[in-house]
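*Asks:* Shown below is the structure under consideration.
Every number here is computed from the coordinates shown, using simple stated rules; none is lab data. Values in this document were obtained by computation on a predicted structure and should not be read as measured data. FYI the Cβ positions are ideal-geometry reconstructions off the backbone, even for glycines, and counts take in every protein chain you see.
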Ligand SMILES: NC(=O)c1ccc[n+]([C@@H]2O[C@H](COP(=O)([O-])OP(=O)(O)OC[C@H]3O[C@@H](n4cnc5c(N)ncnc54)[C@H](OP(=O)(O)O)[C@@H]3O)[C@@H](O)[C@H]2O)c1
């Protein structure tokens, strides 16, 4: 029997349990069966584990939204994928933390030759996130100065490289010296250590008191107000995550009216709604990898059974780049 990680209750990393499970005897006609070699760990997995984000199904639940592997079986209605193909995915249904699983064929992405399975599982979800944030939600341009939080994280290091490739000047925030160096090495033009420096003052100094046209904030509670202070009049606040906790109730008038700000709370699933959008996003990422403008940053590899340790490390802010789990 194969193994997987499930939660039977919400809580800390200790609720992640390794167990055996049965695969459905019959594959759904629209699914493919993937023998997984690599699983992507994402911050959203911690929101699912704690119950911060509601789960679509009742507990117990296998977590995870990203994986890569080899196709071992295909449903009767599937004709664009064949057994033996190397494939990856970065979307619901949940259940990536396992050795083998069934997945809807229309949400599958074939892995190009120049990307390994481990690299695909480390970069697909975070890379497509940067794609929609920088190319479609707000199109960053050469010489724009933008602010992006947690620049040495999984999403952050891809953002550093993507902005550099476009010639956009990114101000990235980090919490340690080590992260500062890494963000710079990945192309971040200005790095602010928000443990040591005053974020708003530094941003105003860099932008000659203009402020930035857009802030990408994946940290949430701790940075929300300061992020707004860094924006220009009619600037755009992009709240795309909350690693420090959810932003409390917001007074719309007091918050956005003083500078006529725009606000959005986007999610990758709404920018990859169908096969066409999925291809736009993944092809754009793959093109950047092929032309060596972006390289995957696998910070650490854990055994699947040690998913709890990987969650602990991610939440303790010690990770520098992406983490994968190996079945
Ligand atoms: N909306 C979307 O479509 C979408 C898609 C993917 C990811 N996301 C979001 O993007 C963000 C980054 O995701 P990721 O997987 O790449 O994670 P990550 O950036 O590798 O890890 C989170 C980082 O947040 C920073 N942080 C600040 N305060 C924190 C706190 N109190 N606890 C923990 N971390 C804190 C830390 O960097 P410093 O130590 O440098 O501050 C930490 O390394 C997350 O909020 C995630 O939910 C959103």
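*Asks:* For labels at residue 257 and residue 50 in the simple 7 Å Cα→Cβ model, what's the distance in nm?
*Replies:* So the label points at residue 257 and residue 50 sit 3.3 nm apart.
*Asks:* Once a ≥ b ≥ c are taken as the square roots of the eigenvalues of the Cα gyration tensor of region 126-268, is the result rounded (a/c under 1.5), prolate (a/b larger than b/c) or oblate (a/b not larger than b/c)? Mind dumping the intermediate values first?
*Replies:* On the way: a/c = 1.33, a/b = 1.28, b/c = 1.04.
Rounded, because the longest to shortest axis ratio a/c is under 1.5.
*Asks:* Efficiency by 1/(1 + (r/R0)^6): what FRET value for residue 229 and residue 17, r their Cβ-Cβ distance, R0 = 30 Å, to the nearest 0.05? Could you put the intermediate results ahead of the total?
*Replies:* Values: r = 43 Å, r/R0 = 1.44.
Using R0 = 30 Å, I get an efficiency of 0.10.
*Asks:* Let me ask something else. Antiparallel as a % of all DSSP beta bridges within the chain, to the nearest 5? Display every interim value, and only then the final one.
*Replies:* Values: 29 of 53 bridges.
The answer is about 55 percent antiparallel.
*Asks:* For a Förster distance of 51 Å, can you work out the FRET efficiency between the beta-carbons of residue 290 and residue 316, rounded to the nearest 0.05? Display every interim value, and only then the final one.
*Replies:* Details: r = 34 Å, r/R0 = 0.67.
With a Förster radius of 51 Å, E is 0.90.
*Asks:* Most exposed first by the Cβ proxy, i.e. fewest other Cβ within 10 Å, how do 312, 196 rank? Walk me through the intermediate numbers first.
*Replies:* On the way: 312 16, 196 10.
Ranking 312, 196 by Cβ neighbours within 10 Å, fewest first, gives 196, 312.
*Asks:* Label the chain by shape, choosing from rounded, prolate and oblate, from the square roots a ≥ b ≥ c of the eigenvalues of the Cα gyration tensor; if a/c is under 1.5 it is rounded, and otherwise prolate applies when a/b is larger than b/c, oblate when it is not. Spell out each step's value before the answer.
*Replies:* Numbers: a/c = 1.90, a/b = 1.64, b/c = 1.16.
Judged from the Cα gyration tensor, the chain comes out prolate (a/c at least 1.5, a/b above b/c).
*Asks:* Then there's this: For 217, 251, what ranking results if the residue with the fewest other Cβ atoms within 10 Å of its Cβ goes first? Display every interim value, and only then the final one.
*Replies:* Details: 217 24, 251 8.
Listing 217, 251 from fewest to most nearby Cβ atoms yields 251, 217.
*Asks:* On a full-extension model of 0.36 nm per residue, what is the gain between residue 141 and residue 26, subtracting their alpha-carbon distance, rounded to one decimal in nm? Numbers along the way, then the final one.
*Replies:* Working: separation 115, 0.36 × 115 = 41.40 nm, distance 4.95 nm.
Extra length available between residue 141 and residue 26 comes to 36.5 nm.
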